[in-house]
Amino acid sequence: MHHTSTAAAIAPELAGGVLHIDLAALTDNWRRLRAASGAAECAAVVKANAYGVGQAEAVPALWRAGCRTFFVAHPAEALRARADAPGAVIYVLNGLPPGVARRLAAAGVRPVLGSVAELEEWRREAGDAPAGLQLDTGMSRLGLTEAEAAAVVSQPPAFISLVMSHFVTAEVPDHAMNAAQIARFEAMSAGFGPTPRSLANSSGIMLPQRPHYDLTRPGYALYGGNPTPGLANPMRPVVSLRCRIQQIRHVPQDVTVGYNGRWRARRPSRIAIVSVGYADGFLRSASTRNLDAPLANAHGEPGGAALVAGQLCPFAGVVSMDLLAIDITDVPEGAVAAGDEATLIGDSLDIDTVAERIGTIGYEVLTSLGQRYARIYGADAARPGTATESGAAPASQS
Ligand SMILES: *Cc1c(COP(=O)(O)O)cnc(C)c1O
């Protein structure tokens with residue numbers, strides 16, 4: 001049996017789309033990443049509501065699978081994760097905001113200290129409660145510089161439980177920056193003795209240098225994103241988004257569809273309307289236009305598309321707040337009717353493909369997933385190969 005998210009669950013028939021989140025695939029992906037991490041511990045990055053799939057569901061599922069260390073970005077996320085996994089080690093990647101050290105220490109939450117000022121505040125306010133330390137090896141975002149790290153190393157605080165840094169471009173495996181960051185991390189972390197070290201995100205785990213150290217920190221790949229762009233995706237899909245075709249309209253040649261008339265029927269066309277729009281996080285950059293250029297979005301990419309009756313069908317025109325239009329003219333008339341399903345994410349439209357078509361990255365597709373969908377935590381029965389022998393999708397345990 002499926003079950004829906006507890007907080008204000010939305011019934012599928014009342015929603016514009018149904019988001020399936022396959023927690024079994026999520027935990028399977030974590031096991032695959034753990035195997036790929038060699039001897040290192042494999043953590044889970046669950047910031048931004050677990051990349052949009054739902055922290056309250058993802059964290060307990062990962063905990064039951066054996067994950068013991070979680071990374072979030074903000075202190076508020078950490079306190080929620082603490083409630084979801086009371087026994088877990090929880091790090092706050094974005095460091096220590098002023099005035100919250102005692103609350104974090106009391107909750108057993110560890111900030112990843114990102115500056116000398118944060119280090120000093122933690123030392124002053126949190127006593128010997130453990131914390132991580134960020135080293136800047138090239139991101140120029142958070143973390144101690146080489147000079148600052150050298151000063152800390154001369155008297156390393158005993159409360160540092162993890163020394164870490166972050167790759168700039170690990171998804172490009174032969175980029176010179178990867179080797180440079182590994183070398184810099186080696187040099188900067190050497191003085192911290194046996195303190196556990198961490199460098200690899202999802203793509204970092206897959207780098208030929210295998211920079212796993214003591215702890216890996218995958219996020220995107222857990223949620224089905226491809227950590228090895230250009231190669232086959234070794235992860236299982238976690239998210240699918242399906243919606244009901246509300247009506248099918250026959251649009252005469254030369255008539256436009258949607259706001260600003262950006263798409264004009266070049267032939268008598270059939271247009272399927274679905275109740276999903278940019279307010280559902282289906283990004284406006286998925287809009288297509290065919291007036292001044294061949295079918296494209298504003299960035300020159302092919303623009304959004306849906307799968308209808310197994311066929312890839314481009315969006316027609318601008319994505320509205322609550323609706324979008326799909327050009328189904330090439331789907332045979334008898335093969336699709338109002339009430340049938342359109343797939344916006346799923347099957348051949350995996351999150352990386354969706355992102356590429358609309359000119360963004362799969363991370364943004366995931367973290368934009370809207371709050372108006374019916375969310376079902378279980379395998380998607382419509383997706384080939386995910387149903388169990390009985391034909392029913394396995395229930396999640398959360
Ligand atoms: C988001 C983040 C990760 C996870 O990265 P993915 O590419 O999603 O695997 C790891 N470390 C840090 C510091 C991050 O900000």
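The values are calculated or read from the model by the stated rules, or taken from the named source; none is laboratory data. These numbers come from a predicted model, not from an experiment. In this analysis, Cβ positions are derived from the backbone assuming ideal geometry, glycine residues included, and neighbour counts consider all displayed protein chains. These accessible areas exclude ligands, DNA and RNA; they are computed on the full protein's heavy atoms, side chains included. Shrake-Rupley method; radii C 1.70, N 1.55, O 1.52, S 1.80 Å.
Quick notes
- By average C-beta atoms within 10 angstrom, highest first, the peptides 321-327, 156-162: 321-327, 156-162
- Separation between Cα centres of the stretch 169-212 and the stretch 99-138, rounded to whole Å: 23
- The dipole here belongs to the stretch 103-146: it is taken about the Cα centre, uses +1 on the Cβ of Lys and Arg and -1 on the Cβ of Asp and Glu, and is about 180 debye.
- Segments 181-194, 351-364 sorted - mean Cβ within 10 Å per residue, highest first: 351-364, 181-194
- You can think of it this way: the chain between D292 and H74 has 74.1 nm of extra reach, that is 0.36 nm per residue less the Cα-Cα gap.
- Charged-residue dipole, Cβ positions (Lys, Arg, Asp, Glu), the stretch 9-107 about Cα centre, Debye nearest 20: 420
- Relative contact order for the stretch 28-78: 40 percent, from Cα pairs under 8 Å spaced at least 6 residues apart, divided by residue count.
- Contact order relative to length of the stretch 57-193, as percent, for alpha carbon pairs under 8 angstrom and 6 or more apart: 16
- Charge dipole of the chain about the Cα centre (unit charges at C-beta), most positive-ward option of G204, A279, W30: A279
- When DSSP beta bridges are restricted to pairs lying wholly in the chain, around 55% turn out antiparallel.
- Here the peptides 79-86, 37-44 are ranked by packing, the mean other Cβ count within 10 Å, and the order with the highest first is 37-44, 79-86.
- Cβ charges +1 (Lys, Arg) and -1 (Asp, Glu), total dipole of the chain, debye: 380
- Cα pair distances of the chain binned at 10 Å [whole percent]: 5, 21, 27, 22, 15, 7, 2, 0
- Helix-only [θ]222 nm of the chain, DSSP H runs n ≥ 4, -39500 (n - 2.57) each, per residue, nearest 500: -7000 deg cm²/dmol
- Formal net charge of residues neighbouring R184 (Cβ-Cβ distance under 11 Å; K, R +1; D, E -1): -3
- Mean sequence separation of contacting Cα pairs (under 8 Å, at least six apart), scaled by the length of the chain, corresponds to a relative contact order of 20 percent.
- Accessible area of the stretch 206-261 belonging to carbon and sulfur atoms, whole % at 1.4 Å probe: 49
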